[in-house]
Amino acid sequence: MRIIDNLEQFRQIYASGKKWQRCVEAIENIDNIQPGVAHSIGDSLTYRVETDSATDALFTGHRRYFEVHYYLQGQQKIEYAPKETLQVVEYYRDETDREYLKRLRRNRRGPRRANRYLRYP
């Protein structure tokens, strides 16, 4: 997991590569999308704005795709852990590129603030 402080830093670190440029394009389009509505750029990026404050008790694992989180405002706590410390709740499905896991022991946590990026894995 990599934490990046702002959009300019993201641009410097990921200056090349179509997938990274598409991330920037999506963030720059933020004023034109409604919360909860999914959008896509080409066939390699889907994005949406979420205003959900619910807590998900499960971890989500991916094998093919990665997640980029951009926080518009407020804070969020993200839990992360080495996969070997988690127990599978729902096995990986190729159709969704997801598996769900639960914690076996306490994991690392870190606060996430507005205008920060979080890239998985």
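What to note about this one:
- Single unsatisfied condition, D31 versus (1) surrounded by 10 or more Cβ atoms within 10 Å (Cβ to Cβ); (2) under 23 Å from R11 (Cα atoms): (1)
- Subset of region 4-23 (residues that are among the hydrophobic types (A, V, I, L, M, F, W, C) and surrounded by 14 or more Cβ atoms within 10 Å (Cβ to Cβ)): I4, L7, F10, W20, C23
- Residues of region 63-88 satisfying the condition of being part of a loop (DSSP other than H, G, I, E, B) and touching a residue at least 12 places away in the same chain (Cβ under 8 Å): R63, R64, Y65, F66, E67, Y71, L72, Q73, G74, A81
- Residues located in region 1-38, provided they are farther than 13 Å from V49 by Cα, touching a residue at least 12 places away in the same chain (Cβ under 8 Å) and not in a helix (DSSP H, G or I): M1, R2, I3, I4, D5, N6
- Whichever residue in region 42-62 is polar (S, T, N, Q) and part of a strand (DSSP E or B) and, among such residues, is farthest from K102 (Cα to Cα): T46
Read-outs: derived from the displayed coordinates by stated rules, not from any lab. What you see is a predicted model, and the numbers here were worked out from it, not measured in a lab. Quick reminder, even Gly has a Cβ in these numbers, built from the backbone with ideal geometry, and neighbours come from all protein chains shown.
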